[in-house]
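Report on the structure given below.
We did not get these values from a lab; they are worked out from the coordinates using the rules stated. Note that the structure is predicted; figures quoted are calculated from it, not measured. Ideal geometry is used to build each Cβ from the backbone, glycine not excepted, and the neighbour counts take in all protein chains shown.
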Amino acid sequence: MKPYYQDEQTTIYHGDCHEIMPHLPMVDLVQTDPPYFQPATHYVPTRTQGVPKKSIGDMSILELAFKIWCGDLARLLRPTGTIYFFCDGQSYPLAFTALYPHAKHVRPLIWDKMISYNGYTWRHQHELIAWAEMEESPRIETGDGDILRFRGVMQDDRLHPAEKPLDLFKALVAKHAVGIVLDPFMGSGTTLRAAKDLGRKAIGIEIEERYCEIAVKRLAQEVLPLDAMVNTGYNNDYGTTGQQPETLPGFHGSLEISQAGNRSHVFPAGTIPEGHSRQLWGGTGGSLEGDEAPRHPQSEPR
Ligand SMILES: C[S@@+](CC[C@H](N)C(=O)[O-])C[C@H]1O[C@@H](n2cnc3c(N)ncnc32)[C@H](O)[C@@H]1O
């Protein structure tokens, strides 16, 4: 099976994950965000056409897909492994049911997007993550609550219509010390980028070639030393934390913050690519130097 892309840390396959997964080596962590829309509510324009012609049976499409995919994942995952399976309130029961036979336990985590999208009232502001630990999973020593607060990616900034925040994915991967991370529904490659930034090996699968291309480009962006990139708030996708520039733990050298659209990026000094304007919070260009710094409490993994 020929990968679409491969380097020392990352492998991408282009194709249907159900066909590709049986050929992969064992993995240690699955972090994935599969398609989890409800077919019935997506193909019936409920607001404009009266009584929707939908039935709960339509959910069986998703039920079967989740069952097949979770079976594939369970065969690939080591007994010490963990699965983070993104879903929402409507699809969580199906994710739970599909994961339950394979896991020691399955529990929901809540991702609070900190902004609300779509609709007039009770607007969507959260999604769920079915967290499944396998029979021999070591205990994660965290003490964290099960609500993860990471700002959702604004529509104009997305490389994929369902792109998830890189910081959220990093926080999850960072809880698990070793091994290979798998994302069989990688989209724009957020899991792979998170794994790469944390120095982990990862495998991604994506059925649409255009997203494989996007993921490869994302991986090509330079990785800064670990301590400089993770948990500082400087790699926040928006630069809206309101933080003042401060030094970065463990990083010696200059950094520059640039802005493209609403998204801020951190680069080693002098390497900001074309198309990025050099802007620091408040619109002024700048650079940072660092050695010791307090960590940003909001994105600190414990
Ligand atoms: C919800 S998106 C993932 C978005 C991703 N988390 C990101 O941040 O960009 C799900 C992805 O799974 C892909 N997909 C759907 N069915 C697939 C399959 N059978 N095998 C591999 N990829 C599939 C879709 O093309 C889509 O890009």
Ordering of 72-84, 146-158, 192-204 by packing [mean C-beta count within 10 Å, highest first]: 192-204, 72-84, 146-158
Taking a ≥ b ≥ c as the square roots of the Cα gyration tensor eigenvalues, with a/c under 1.5 meaning rounded and otherwise prolate when a/b beats b/c or oblate if not, segment 5-221 comes out rounded
Spelling it out for Ile115: with amide H atoms placed in the peptide plane at 1.01 Å from N, the residues 5 or more places away or on another chain with amide H under 5 Å from its amide H are Gly152
For segment 112-144, which GluC sites (Glu not before Pro) pass both filters: DSSP loop (anything but H, G, I, E, B) and at most 13 other C-beta atoms within 10 Å? Glu135, Glu136, Glu141
Karplus 3J(HN,Hα) series, Hz, for segment 157-173 with 6.51 cos²θ - 1.76 cosθ + 1.60 (x for Gly, Pro): 9, 7, 8, 8, x, 10, 4, 9, x, 4, 4, 5, 5, 5, 4, 6, 4
Which value, to two decimals, describes the C-alpha radius of gyration of segment 64-132 once divided by 2.2 N^0.38 Å? 1.24
What is the spin-label model distance, in nm, from Gln6 to Lys217 if the labels are put 7 Å beyond Cα along the C-beta direction? 2.5 nm
Compute the length gained on full extension between Met154 and Tyr120: take 0.36 nm times their separation in residues and subtract their Cα-Cα distance, giving the result in nm to one decimal. 10.4 nm
